[in-house]
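J.: To start, I am sharing the structure in question, which I have written as C-alpha cells.
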Amino acid sequence: MKRAAIAYADDKCIDSQLLVANLVALFRQRGLSMITLLAGTAIFEQDLNQSGHKISAVQLNKLLDNAIKQWPSDDLAFILGQQWLPAQSGPLTQGLLCCKHFGQAQQFWQRYHWLTQPWLQISRWQTPQQQHLLIQQDLGMPQLQRFFMELSLSSLVASFKSLSRSRWHGHFSLPYTAPSNIDQYYKYLGDSIKFEQPICVVSFDQTIDQQPFEMANRQGLWQANRQIRRLYLNSDFRIGLPAMVRRLMLQQIHSNQSLPDIAAQLSLSPATLKRRLKAFNISFQQLQDEAKLQHAIYLIAINGDSNPHIAKQLKFADSNNFRRSFKRWTGKLPSNFKYWLTSKI
Amino acid sequence: MTHSYKLAISILLSCAALLSLCLVQAQLKPTTDVDWLDITAEGALLLLGLSWLVLVLSARPGGRVTQLLLIGLLGYSLGCYMDLLDEFFINDSLPSWFNLLEKLPTPIGLVTLTIGLWLWREEQTTINEQLRTREQFYRQHQLVDHLTQLCDARAMRHQLNQHLRRPHAIALIMIDLDNFNQINRQQGFTQGDQLLTNVAQMLASQLRSQDLVCRYAGDRFVVMLTHCSEAFATAMAQELVTAIAPLGCQASQAISYTSSQDAQPSKSAEQLIEQVNQNLERVKRAQQWPKAG
C-alpha cells in the first residue's frame, strides 16, 4: 500500500475525466463559451483528452465559479447530478451496478467515493429505524456549499432511481436557507426537505437498504471491488485537509485539540496549517466548531444525553457554557434537537 | 446583417458628403468663437439617436413597423447632425439648403417615429394574444427559460399570487415526464432538449386562452387553469398527458384545486405549489417502474 498524502488546495488530485469533462461536454452541447468557462482556471481543452489528467481544488472551484455564472438557469448542479452515474466509467460504476442492494452500494460508495467525489466527506449514523448520512465538504470551498450539496444529493437520488428502479424515499436536512431555485429541489429531490438545519443529513428508513438492485452480480462486484481497491491503495491522495482536520478532531473530541496539537499531528507548523486551511477559505475555528457541533448533535439526538453530560464530554466549563455555544452555532437550544432524527419521515 | 452594414455605410457617406459640401460653400468659425458646451450637448443627442437606431435595428424583425421606426430615427439623427455642423460654421455664410435640412428632418422624423410607435402598439397587442398561454400579459424576459421558451416557476408564482387575490377558482396541474433521464442517456441530450421543447409547444397550444403554462424545473411543467371546475381540471390534466404520449414519452400528472368559495382564501401560491408537488410525488410513488431493458 502506498502512503497517501493529504491533499492541499493546490495539489492536483481531482480526476478531470469525471465532473470536469462532464461539465465541459454539457457546455459545449448547449453552445456556451468555452473561453469564459475555462478563463483563469489554467485548464486547457486539450488537457481533458488525456486520461490521468488531474486538477487541484483551487482550479475546480474557479471552474465551477465560472460555470455557475455562465449557466443561463439555476439548475446546473442538478443536471450534472443526474449525469453522475452514467458519466462515470470504470470500477466504481461497475461496482455500484453490481451491488445486490442499496445497503451494499452505500458501503461501497462510502469507502471509495473520494476517488470520484473528493469534494465530499461522508459519515454515517444509525438510529433504530433509520440510516443517516452526514454530508460535509472536503475539497469544496465553503462559498460553493450549495452547489456541492445540490450536486451530491441529486446524484444520490438519480443513482438510487436508476439502480433500484424505484422512487427515492428519504428526507433531506440542509444547512442553509431555502434558496431561490427551490423548485429544482422539489423536482429532483422530492418533497421532504427542510432548510436552515445545522448540518446536512440525508435520512431514510433502514428498510430501503434491502431495496434490491436489478443488475446484481456477485462476480462483477468482486472484480470491481478488486480493481477499485488497487486503484484506491495506489492513489497519491485519499483525503483532503479539511476532512482530515475534522476527522482528527472527532477522533479526539474528549481532549479538546487545539490548532498546535492538530498541526503537530499533521507534521506542520501551526502557521502553515493556518495558511493551508486559508487556501480552502476555511478557518481552524470553523472546523473545530463543526466537529463539536456534529458530535453534540450525535450525543443529543442519538444517545439522548443530557446537557451537563455533553458539556463534560466536549470539555466545556459547564452546561450553561455549552448551551450558549450551541445557540451560537445553530441559533437554537440543544433541547430542540432531541427528536431531530426521529421525527421526520 | 449585410443590410445593416449597407445602412451604416450610407449613413457615413452622407455625413461625409454633407460635411464636404459645407466646407466648400461656407466659412469655418474661428476656434475662439466655437461654443464647446453646445457641441457637447448636440453631439450627445446625435450619439443617443444613433444608438437607438442600432438598438431598433438589432432587436426588431423586418417589416413595416421597423421601417417606420428606422426612418423616424434617421430623420431625427440627420436633424441632430445638421445642428452639430452649424456650430462650426459662420451662420451668414451657410447656404440656404442648409437651413432647410437643419429644421425639417427633426419634426418629420419624430412624426414618423410616433406613427411607427402607434403601429408597434397594435402589433404588440396581436403578439400578446399569441403569447397568452405562455405569459398571460405579464412579461419579464429574465424569467423566460432558455430551452423551452416558456416562463419559469418564478413567473408562475407571480401569476398565481395575482389570481389568488381574485374570487375565482384556480387549478394547478403539474406534469412530469416519466424516465426522462433515461431518454437523455439513451438518445442524447440534444434529443432530450428537443423533446422538452416539443412538449412545451404542445402544452402552450392545447390550453385555453386564459390559462398559463410554465416550465417548473427539469422535465416538470406546471399549468394554471382559471375559472374552471375541478372536473374540468381533471379532464384537462388527463388530456394533456395523453397528448404528450405521441411525442415519444409517457407523463404523470397531479392537480391541486381551489374553488372560488374556498374556506381559506389566504392560501398562498407557495402552498398550492407545495400541495401539487406532494400530490405528484404520491402519484409517482404508486407507479410501476418499467424493467431495465
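J.: With everything on Cα atoms, drop me the angle between helix B:269-286 and the longest principal axis of chain B, reported from 0 to 90° to the nearest 10.
T.: 50 degrees
J.: Quick one: helix B:2-25 against the long Cα principal axis of chain B, what's the angle to the nearest 10°, folded into 0 to 90?
T.: That helix lies at roughly 20 degrees to the long axis.
J.: Which of the chymotrypsin sites (Phe, Trp or Tyr not before Pro) found in region A:258-345 are loop residues per DSSP with 15 or fewer other Cβ atoms within 10 Å of their Cβ?
T.: A:TYR339
J.: To check my understanding: the extent here is largest minus smallest coordinate of the Cα atoms along each principal axis. What are those three numbers for chain A, in Å, largest first?
T.: Reported extents, whole Å, longest axis first: 59, 47, 45.
J.: Here's a follow-up. Take chain B, connect every pair of alpha-carbon atoms lying under 10 Å apart with a spring to form a Gaussian network, then pick out the residue of B:LEU172, B:LEU240, B:LEU104 with the largest mean-square fluctuation.
T.: Judging by the Gaussian network model, the answer is B:LEU104.
J.: Only sites in a loop by DSSP and with at most 10 other Cβ atoms within 10 Å count here; which trypsin sites (Lys or Arg not before Pro) in region B:107-170 make the cut?
T.: Here the sparse-neighbourhood loop sites are B:ARG165.
J.: Here is a follow-up. Can you tell me which of B:ASP178, B:ASP38, B:ASP145 moves the most in a GNM of chain B? Springs connect C-alpha atoms under 10 Å apart.
T.: B:ASP38
J.: Moving to a separate point now. Given the options B:GLN238, B:GLN25, B:GLN278, state which has the largest fluctuation in a GNM of chain B using a 10 Å cut-off (strictly under) for Cα springs.
T.: B:GLN25
J.: Further question on the same structure: Please give the Cα centre distance for region A:10-74 versus region A:93-139, rounded to the nearest Å.
T.: 25 Å
J.: Under a Cβ-Cβ cut-off of 10 Å, what is the net charge of the residues other than A:SER73 that fall near it, where Lys and Arg count +1 and Asp and Glu count -1?
T.: Net local charge, A:SER73 excluded: -3.
J.: Continuing with the same structure: Please give me the summed charge of the neighbours of B:ASP92: other residues whose Cβ is under 15 Å from its Cβ, Lys and Arg +1, Asp and Glu -1.
T.: Residues near B:ASP92 contribute -3 overall.
J.: Additional query: How much length, in nm to one decimal, is gained on full extension between A:LYS338 and A:GLN286, taken as 0.36 nm per residue of separation minus their Cα-Cα distance?
T.: Taking 0.36 nm per residue and subtracting the Cα distance, the gain is 16.3 nm.
J.: Taking the convex hull of the Cα atoms, report for region A:9-72 its projected area averaged over all directions, in nm².
T.: Approximately 3.9 nm², given one-decimal rounding.
J.: Calculate how steeply helix B:64-86 sits against the longest principal axis of the alpha-carbon atoms of chain B, using the helix alpha-carbon long axis, and give the answer as 0 to 90 degrees to the nearest 10.
T.: 30 degrees
J.: Name the longest site-free stretch of chain B, where the excluded sites are chymotrypsin sites (Phe, Trp or Tyr not before Pro) in a DSSP loop with no more than 14 other beta-carbon atoms within 10 Å.
T.: The reported range is B:139-293.
J.: To continue, here is another question. So what does the Cα-only Debye profile of region B:2-130 read at q = 0.10, 0.11, 0.12, 0.22 Å⁻¹, as log10 I(q)/I(0), no solvent term?
T.: -0.39, -0.46, -0.53, -1.32
J.: Oh, and also: Could you pull the Rg and Dmax for region B:134-286, using just the Cα atoms, both in Å?
T.: 15.0, 48
J.: Hey, another quick one. Whole Å is fine, so just give me how far the alpha carbon centre of region B:96-161 lies from that of region A:182-250.
T.: 51 Å
J.: Take the Cα pairs of region A:204-277, get the Kirkwood Rh, then feed it into Stokes-Einstein at 25 °C and 0.890 mPa s and tell me D in µm²/s.
T.: After rounding, the answer is 153 µm²/s.
J.: While we're here: Please tell me the relative contact order of chain A in percent, rounded to the nearest whole number, where contacts are Cα pairs under 8 Å and at least six residues apart.
T.: 20 percent
J.: Chain A: longest stretch without exposed trypsin sites (Lys or Arg not before Pro) (DSSP loop, at most 14 other Cβ within 10 Å), sites themselves excluded?
T.: Value returned for the longest uninterrupted segment is A:4-314.
J.: Continuing with the same structure: For region A:240-337, which semi-axes, largest first and in whole Å, follow from the square roots of 5 times the eigenvalues of its Cα gyration tensor?
T.: 26, 13, 11
J.: Please work out the Kirkwood hydrodynamic radius for the protein assembly as shown, using every pair of different C-alpha atoms, and report it in angstroms with one decimal place.
T.: For the protein assembly as shown, inverting the mean 1/r across all distinct Cα pairs yields 29.4 Å.
Every number in this text was worked out from the coordinates using simple rules, so none of it is lab data. Since the structure is predicted, the reported quantities are computational estimates derived from the model, not experimental observations. Cβ coordinates were reconstructed from backbone atoms using ideal geometry, including for glycine residues, and neighbour counts include every protein chain displayed.
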